[in-house]
Amino acid sequence: MNGTRIVQFEIEFYTTPKGDTPVQDFLNSLEAKPRAKLIGMLELLEEKGNTLREPYSKKIDKDILELRCKQGSNIYRVMYFFYYHGKIVMTNGLVKKTQKTPKSVIALARRYMNAYIERMEEKP
């Protein structure tokens, strides 16, 4: 090896304190084709990590990114953020109906991210 460190990425779905998993619920709500395509995109994200760029991934806020998927005329987005040690945390998803990702969706992703980080910092 030439001394370069290969970062391994791992996807995790955010789980609320009540035990809900918003991204899993979102994926389960989709028809088979878009669900399969998004799962393939998740695998690509896990492989490429922070080197995945547009059109597949786009930074939409300071720490929030979106995984971008189009199936037919529908546009799907899954919000995520990077955490330590190659962890990618998927927070929430939507079927996009407007040009811009709604601020409420980004705010929810940020709330989930902050709650996740707080929970991780409490662990011994």
Quiz item: Which pairs do you get when a residue that is within 17 Å of A36 (Cα to Cα), found in the stretch 8-26, comes within reach of a residue that is of a type in the set (K, R) and modelled with pLDDT under 95, reach meaning Cβ atoms under 8 angstrom, with the pair 6+ apart or on two chains?
Solution: none
Quiz item: Does the stretch 39-50 include one or more residues that are among the polar types (S, T, N, Q) and touching a Pro at 6+ places or on another chain (Cβ under 8 Å)?
Solution: no
Exercise. Considering only the stretch 22-36, state which residues are surrounded by 15 or more Cβ atoms within 10 Å (Cβ to Cβ) and not aromatic (F, W, Y).
Key: P22, V23, L27, L30, P34, R35
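Per-residue answers, yes or no, for (1) more than 12 Å from V23 (Cβ to Cβ); (2) in contact with an Asp or Glu (Cβ under 9 Å, 6 or more places away or on another chain); (3) at pLDDT 95 or above; (4) among the hydroxyl-bearing types (S, T, Y):
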position: R35; (1), (2), (3), (4): no, no, yes, no
position: S57; (1), (2), (3), (4): yes, yes, yes, yes
position: L67; (1), (2), (3), (4): no, no, yes, no
position: K70; (1), (2), (3), (4): yes, no, no, no
position: Y76; (1), (2), (3), (4): no, no, yes, yes
position: Y80; (1), (2), (3), (4): no, yes, yes, yes
position: T101; (1), (2), (3), (4): yes, yes, no, yes
Quiz prompt | In the stretch 41-64, the residues that are crowded, with 16+ Cβ neighbours inside 10 Å and not in a loop (DSSP other than H, G, I, E, B) | solution = M41, L42, L45, G49, S57
Practice problem: Within the stretch 28-45, identify whether any single residue is in contact (Cβ under 8 Å) with a residue 24 or more places away in the chain and on the phi > 0 side of the Ramachandran plot, and answer yes or no. | Solution: no
Practice problem: Out of L67, L108, report the one residue that is of a type outside the set (D, E), crowded, with 20+ Cβ neighbours inside 10 Å and not in a loop (DSSP other than H, G, I, E, B). | Solution: L67
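The values are calculated or read from the model by the stated rules, or taken from the named source; none is laboratory data. This is a predicted model, so every value here is computed, not measured. In this analysis, Cβ positions are derived from the backbone assuming ideal geometry, glycine residues included, and neighbour counts consider all displayed protein chains.
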